[in-house]
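Below is one structure; the comments refer to it alone.
Nothing in this text is a laboratory measurement; each read-out follows from the coordinates by a stated rule. Remember, predicted model here, so these are calculated numbers, not experimental data. Cβ sites come from the backbone with ideal geometry, for glycine too, and all protein chains shown count toward neighbours.
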Amino acid sequence: MITEHKRIVVEKWFQEYFTKGNVHILDELTTEDFTYHARNGAKSTTEQLKSFMGWYRQTFHDDEWTINDYIEQDFKLVVRYTGWMTYKGGWFNIPSSNQRVKETGMMIFYFEDGKVSDVWCENSDAAILNELGAFEKHTHEVFLQNKEAASIRAEFTNTKNYSSELLVKDRNIISARGCGCISFVLASEQ
């Protein structure tokens, strides 16, 4: 069962802050020493999130947000979300196309005395850039799926036996996707 107060705070975050651009709601929802942690290690304060919203409202319109999942543990509330918005221009000089784009992500809200003290966020900005045509067609590699794709098969062994993948190009590991990786094996396809 999700704590009602935490659920209401998160819903206000998405409905008031993101959908309406109400930056003053952050004063109600966050602690004085609030920190927002982005996926690249960057940290932002409440005031920096307010500034970000100015750019965001100029760049995206007509937001619709859905919270797909809630997971609560002690003083944390994790949400998985999906958002749709219309791109109006202003991001990496990508021309405005009034295109609807989809963002997905997960956020971990840390609560202290009923307010949010920290948020950790992982989202799909790269997928949005791809939807907007920021990347030239056929310039990215794909995960290896069959013998025709390449002569290398990649396997992961990890601590929880979850499925994982390696992105391999010219027998070099480009990136890895999976949880708890502790070792890997590259083997030639037969």
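A DSSP coil position with no more than 11 other Cβ atoms inside 10 Å describes the following GluC sites (Glu not before Pro) in region 50-142: GLU136. Annotation: peptides 42-51, 16-25, ranked by per-residue average of other Cβ atoms within 10 Å with the highest first, follow the order 16-25, 42-51. Pull out a ≥ b ≥ c, the square roots of the eigenvalues of the alpha-carbon gyration tensor of region 4-131, then state rounded if a/c is under 1.5, prolate if not and a/b is larger than b/c, and oblate in the remaining case. Here region 4-131 falls in the prolate category. Label separation (THR66 vs GLN99): 2.2 nm, computed from points 7 Å beyond Cα along the C-beta direction. Between HIS24 and PHE135, the FRET efficiency estimated from the beta carbon spacing at R0 = 25 angstrom works out to 0.10.
Report, in listed order, any pair from LYS12/LYS102; LYS12/LYS50; LYS20/LYS43 with a Cα-Cα distance greater than 18 Å. Provide the component values of the computation, followed by the final result.
Numbers: LYS12/LYS102 20 Å; LYS12/LYS50 15 Å; LYS20/LYS43 23 Å.
LYS12/LYS102; LYS20/LYS43, as the Cα separations exceed 18 Å there.
For HIS61, neighbours were defined as the other residues whose beta-carbon sits under 15 Å from its Cβ, and their charges (Lys and Arg +1, Asp and Glu -1) total +1.
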